[in-house]
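Asks: The structure that follows is given in the form of structure tokens.
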Amino acid sequence: MKWRRSFEGARCLVTGASSGIGRALATALAHAGANVVLSGRSIDRLESVRAELIAAGIDPNSVAIEPADLTAEADRQRLIQNASKRFDSQLDIAINSAGVGATGHFDTHSPAVLREMFEINVFALAELTRLLAPLLAAGTSPSLVNLGSIVARRGLPGRSEYSASKFAVAGFTESIRAEWAKHGIHVLLLNPGFTATEFEANLLADTARMKVTDRRVMKPDYVAKRALKAIQTRKNELTLTFDGRLLLLVNRAIPRFVDRGFDRFTRRIFNS
Ligand SMILES: NC(=O)c1ccc[n+]([C@@H]2O[C@H](COP(=O)([O-])OP(=O)(O)OC[C@H]3O[C@@H](n4cnc5c(N)ncnc54)[C@H](OP(=O)(O)O)[C@@H]3O)[C@@H](O)[C@H]2O)c1
């Protein structure tokens with residue numbers, strides 16, 4: 001598989017493009033010369049991203065918006081049909097960034113949190129990926145990017161539903177990578193750290209005692225910059241913080257050590 005030299009003219013679809021990381025990825029691709037379809041639920045926000053790009057000098061013909069609630073099959077079908085029409089049944093880059101989180105202890109939440117989380121983070125992502133297969137297979141140096149997380153590789157207390165959904169994404173992504181090797185499609189699992197987006201405002205539940213708002217310091221633009229480099233070099237997985245990489249390294253080597261650390265941490269919080 002060859003490295004991608006540039007994004008000039010690349011045909012791209014980005015979900016979650018109305019906000020945060022997806023928005024930054026779509027913006028970075030457009031500025032790098034790509035032809036981008038932006039998807040999200042909110043038409044207003046998609047339109048404002050498009051207007052911002054055009055105001056920054058991007059050719060209006062190279063940015064399209066396609067509103068879709070990805071948990072609805074009809075919306076997924078329509079999104080793929082329209083992207084397919086626009087790009088002659090070919091796609092070079094697809095990014096699954098749409099997603100939500102939740103914080104708090106599992107036994108205190110209603111079953112709806114887990115269901116809703118899996119509908120968007122797992123089922124919608126997987127079913128959209130199924131529809132993307134023929135388009136990417138026909139693309140040039142094609143790449144699929146799925147948004148994982150540090151919690152896709154290590155479960156954390158107060159993040160049970162979210163960790164479960166992202167572990168599913170990680171496993172799915174690894175399987176698809178092997179299955180799609182026959183088409184020459186590169187598949188990247190992107191694991192940002194705490195990033196300053198609207199993620200916290202959109203949590204399905206937010207009952208954790210420990211808040212991490214102050215730690216959301218990673219900039220979406222930085223995530224996008226690193227992701228584009230990883231697409232170019234056809235990296236399989238990118239974990240974006242030193243702390244995250246260290247946690248995953250220690251967890252792989254001595255998981256009991258990490259387990260004990262989190263046990264102590266939880267007991268301390270609940271005894272205080
Ligand atoms: N922020 C972080 O710290 C962080 C860290 C690691 C991984 N991630 C992952 O990065 C991805 C993007 O998160 P973010 O931080 O950018 O959050 P965000 O600012 O809240 O953006 C979430 C995006 O997902 C879209 N979305 C949500 N539900 C949808 C649905 N049912 N159908 C279609 N689109 C839907 C939203 O569209 P509308 O607004 O139009 O509804 C929005 O564009 C997620 O997969 C998240 O798990 C985030």
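Where a number appears in this text, it was derived from the coordinates with a stated rule and is not lab data. Note that this is a predicted model, so its numbers are computed, not measured. Ideal geometry is used to build each Cβ from the backbone, glycine not excepted, and the neighbour counts take in all protein chains shown.
Asks: What dipole magnitude, in Debye to the nearest 20, does the chain give about its Cα centre under +1 on Lys/Arg Cβ and -1 on Asp/Glu Cβ? Present the calculation step by step, with values, prior to reporting the outcome.
Replies: Working: 37 positive and 27 negative charges, 233 e Å.
Using only the charged Cβ atoms, the result is roughly 1120 debye.
Asks: While we're here: For the peptides 144-157, 168-181, what is the packing order when you average, over each peptide's residues, the other Cβ atoms within 10 Å and list the highest mean first?
Replies: In decreasing order of mean packing, 144-157, 168-181 become 144-157, 168-181.
Asks: With an 8 Å cut-off on Cα pairs and a minimum separation of 6 or more residues, tell me the relative contact order of segment 144-185 in percent.
Replies: 38 percent
Asks: So, in Å, what gap is there between the alpha-carbon centers of segment 79-127 and segment 151-214?
Replies: 11 Å
Asks: Taking the simple approach of a point 7 Å from Cα along Cα-to-Cβ for both E8 and A138, what is their distance in nm?
Replies: About 2.5 nm separates the two model spin labels.
Asks: Now for a separate question. In percent, how large is the relative contact order of the chain, given Cα pairs closer than 8 Å and 6 or more residues apart?
Replies: 20 percent
Asks: Where in segment 1-76 are there GluC sites (Glu not before Pro) that are in a DSSP coil and have at most 11 other Cβ atoms within 10 angstrom of their Cβ?
Replies: Passing both the DSSP loop test and the Cβ count: E8.
Asks: Any chance you could run the full-extension gain for R130 through R226? It's 0.36 nm times the residue separation minus the Cα-Cα distance, nm to one decimal.
Replies: Result for the pair: 32.0 nm of gain on full extension.
Asks: Set the Förster distance to 22 Å, then compute FRET efficiency between N271 and R215 from the Cβ-Cβ distance, nearest 0.05.
Replies: Rounded to the nearest 0.05, the efficiency is 0.45.
Asks: Tell me, what HN-Hα J-couplings in whole Hz come from the Karplus equation 6.51 cos²θ - 1.76 cosθ + 1.60 at θ = phi - 60° for each residue of segment 143-152, using x for Gly and Pro?
Replies: For segment 143-152, the Karplus-derived couplings read 9, 10, 10, 10, 7, x, 4, 4, 6, 6 Hz, x marking Gly and Pro.
Asks: For n ≥ 4 DSSP H runs only, could you compute -39500 (n - 2.57) per run for the chain, divide by its residues and tell me the 222 nm figure to the nearest 500?
Replies: Value at 222 nm, helices only: -14500 deg cm²/dmol.
Asks: Work out from phi, with θ = phi - 60° and the Karplus expression 6.51 cos²θ - 1.76 cosθ + 1.60, the ³J(HN,Hα) of each residue of segment 78-91, listed in order in whole Hz, and give x for Gly and Pro.
Replies: Karplus values, whole Hz, x for Gly and Pro: 5, 4, 5, 4, 5, 5, 5, 4, 5, 10, 6, 6, 10, 9.
Asks: Treat each spin label as a single point 7 Å out from the Cα along the C-beta direction, and report the E73 to N236 distance in nm.
Replies: About 3.3 nm separates the two model spin labels.
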